[in-house]
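Down below is the structure, laid out as structure tokens.
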Amino acid sequence: MPSQEEKQRRKALQNQLNAEAKAGKLASLPMPKEKLVAYFDYLDLELTEHGCDDTLRLTKQFAEAEGLAFEPIKLWLSEYGGYCDCEALANVEEEFENI
């Protein structure tokens with residue numbers, strides 16, 4: 001059984017790894033965090049009202065309205081399984097909701 005010191009050392013290492021992972025996620029965002037939150041809220045509202053057409057049409061509309069480049073967002077979403085608007089909301093929001 002590990003000593004109290006060893007437990008503290010392991011906990012500190014785990015906290016450091018978690019902080020580094022969070023920093024890496026933040027650095028990978030294709031838009032500021034505040035806009036990302038607004039983007040997911042926008043998708044939630046629009047998909048509830050209009051449904052998904054299996055494209056990133058709503059994402060493109062959001063990017064254009066916010067003055068963001070669409071292609072980097074599209075590539076970033078695909079890394080996390082967001083190949084259409086509903087997948088972006090279901091898969092990507094969950095991955096980034098706690099950063």
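Against the test of being acidic (Asp, Glu) and surrounded by 12 or more Cβ atoms within 10 Å (Cβ to Cβ), the options Asp54, Asp44 yield a single qualifying residue, Asp44. Are any residues in the stretch 76-90 part of a helix (DSSP H, G or I) and exposed (fewer than 15 other Cβ atoms within 10 Å of the Cβ), and if so, which ones? Hits for the stretch 76-90 are Ser78, Glu79. Within the stretch 53-75, the set of residues being over 25 Å from Lys25 (Cβ atoms) and assigned to a loop (DSSP other than H, G, I, E, B) comprises Asp53, Asp54, Thr55.
Readers should treat all values here as calculations from the given coordinates under stated rules, not as data from a laboratory. Quantities reported herein were computed from a predicted structural model and do not represent experimental measurements. Every residue, glycine as well, gets a Cβ built from its backbone with ideal geometry; the counts of neighbours run over all protein chains shown.
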